[in-house]
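Have a look at the structure below, then the notes.
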Amino acid sequence: MRNNVLFKTKFRKIIDAFWLREDILETIPNCQCEYLDNSFRLLSVSSETLFSENELKPVFELYKTEFSIIERISKAGNEHPGHIVAR
């Protein structure tokens, strides 16, 4: 099952966007973490393992980053692409 969470972020310093991404990669094993826009406002975090925003909250707080969850998607590996399983 692939889990994907889309965050809307707001940084005090733009360099924090880079360090936040690196810390998320260390916090959630085998995850993918990427910004979907050039202004570093939309952050996509996906992983094969389940994770919650509570695991990431200390990382966001470390950089004094405002964040909110825009979307949460779980996809089973054997389903057709684009088929979304709501949790």
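With respect to the conditions (1) within 16 Å of residue 71 (Cα to Cα); (2) polar (S, T, N, Q); (3) open to solvent by 50 Å² or more (accessible area, probe 1.4 Å), residue 39 lacks only one, and its number is (1). Taking the range 1-15 as the range and being free of Cβ contacts under 8 Å to residues at least 60 places away in the same chain and open to solvent by 60 Å² or more (accessible area, probe 1.4 Å) as the test, the residues that pass are 10, 12, 13, 14, 15. Listed by first and then second residue, the pairs linking a residue in the range 16-38 that is closer than 15 Å to residue 5 by Cβ and charged (D, E, K, R) to a residue that is open to solvent by less than 60 Å² (accessible area, probe 1.4 Å) and in a strand (DSSP E or B), with Cβ atoms under 8 Å apart and 6 or more places separating them unless they lie on different chains, are 21/33; 21/35; 21/43; 34/43; 34/44.
The values are calculated or read from the model by the stated rules, or taken from the named source; none is laboratory data. The structure displayed is predicted, hence computed values, not measured ones. Note: ideal-geometry Cβ built from the backbone for every residue, glycine included; neighbour counts use all protein chains shown. Surface areas here come from the heavy atoms of the whole protein model, side chains and all, with no ligands, DNA or RNA. Shrake-Rupley method; radii C 1.70, N 1.55, O 1.52, S 1.80 Å.
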